[in-house]
Each structure stands twice: as structure tokens, then as C-alpha cells.
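J.: Got a structure here, written out as C-alpha cells. Questions coming.
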Amino acid sequence: MRYFLLLLVIEILPSFTGAQSGILKTTKGKLNFVSQAPLETIKAGSAHLIGAINITTGNYSFKVAMKSFEGFNNPLQKEHFYENYMEIDEFPDAAFVGKIIEPIVEGKLQKVRAKGMLSIHGKTNEAIIELDLSYDGIEMIFSGKFDVLLDDYDIHVPRIVSKKISTIINVSVRGVLQR
């Protein structure tokens, strides 16, 4: 719920202050993950990452519907992801809300750190994600990679499939934010 409130603040408050030009949004960011286990590699992704950033403050809010992930090696794997691991009926979204630590510099490709609260599977932890970011005054392009430890988000892998599902998930994110 907190990430929805921050998104509202990022989007609505600037319109009252006349600073709407400082808000960039996306509805088609991409989030992919890979589980590299000894017996199986699982890959899936979503092209439905939504979010916004306030260029002036560096505050951001992003979320993705867990049901939007596609890929997987077979339909049963997808079903298990939705029902057994992510429990999407109870935890439909993942979110990342926070602030870019470094100042955003227009016209420069830069490495920045996004520090915030990462919420997955109903559990929230502080995270710092390194991103490559470029901002030309009109749009911002971002990309980055990070790892998610399943135990940190109360996602448990049964011993019977422990050789097929990694407990460390490699995640990549990229997208374009525009006015």
C-alpha cells in the first residue's frame, strides 16, 4: 500500500506546485528473472513494469503484477510459480519504492544507486540496486541487474526440487520513462 501512496505523491503533488514537468512515467518497463540451478534453468519475464520518478527529488515507485510473467520451460512450471511460490492470489504485485541516491545529471550516462524498499511475496526489505541511467531532458533510459534471495522474501523451495530451483534469483530490469 505504501508504494501506491508514494506513486500518488509523485504523480499528483507536482501538479499542484506547477512542477509536473519533473515527472517521468512508464507502463512498459521490462523485468526478467533467471533461476540457474544444477538441473534446470528457468527464465521468465514481464513487459508490464509500471512506475514513475520525480527527476527533481529522485523519488520513484515501481510495481509489477506477478501474473504478468511469461516464459518458463512449460505450463506446469508457470502454474507452480504463480500458485506455489509467489502465491499471486494473496500477493499479486511486487514493488520497489525509494530514492535515487546520486543526483540525476541531464545529458550524461551515469551509474546510480536506487535505494528503497523492495516488496515481494508480502515481505518488504531494504535494497540498493545499481542502475545505468541516461536522461536527456525528455526521457530516461534505465537498466540494471540484482539478485533476490528467496529466503529474504519467505519463498521456500521444497527439498525435492532444490536441484531445479535456485534460492538466488538473478533479476534484470530495463525501461524508458517519459513525460
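Values in this text are rule-based calculations from the coordinates and carry no lab data. Just so you know, these numbers come straight off a predicted model, no measurement behind them. For neighbour counting, all protein chains shown are included, and Cβ atoms are generated from backbone atoms with ideal geometry for every residue, glycine included.
J.: Considering only residues of region 154-179 that are under 26 Å from Gly58 (Cα atoms) and not hydrophobic (A, V, I, L, M, F, W, C), which is surrounded by the fewest Cβ atoms within 10 Å (Cβ to Cβ)?
T.: Among those that are under 26 Å from Gly58 (Cα atoms) and not hydrophobic (A, V, I, L, M, F, W, C), it is Gln178.
J.: While we're looking at this one, here's another question. Please work out if Phe146 is in contact (Cβ under 8 Å) with a residue 12 or more places away in the chain, in a loop (DSSP other than H, G, I, E, B) and surrounded by fewer than 19 Cβ atoms within 10 Å (Cβ to Cβ).
T.: When the stated conditions are applied, Phe146 does not pass them.
J.: Which one of Ala44, Ala95, Ala52, Ala65 is over 17 Å from Leu131 (Cα atoms) and surrounded by 16 or more Cβ atoms within 10 Å (Cβ to Cβ)?
T.: Ala44
J.: Any idea which residue in region 75-91 is surrounded by the most Cβ atoms within 10 Å (Cβ to Cβ), counting only those that are in a loop (DSSP other than H, G, I, E, B) and aliphatic (A, V, I, L, M)?
T.: Residue satisfying both the conditions and the ranking: Met86.
J.: For region 153-179, how many residues meet the condition of being more than 16 Å from the chain's Cα centre (by Cα), among the charged types (D, E, K, R) and farther than 22 Å from Glu40 by Cβ?
T.: 2
J.: Another question, then. Which of the residues that make up region 100-112 are surrounded by 16 or more Cβ atoms within 10 Å (Cβ to Cβ) and either among the basic types (Lys, Arg) or in a strand (DSSP E or B) (or both)?
T.: Ile100, Val112
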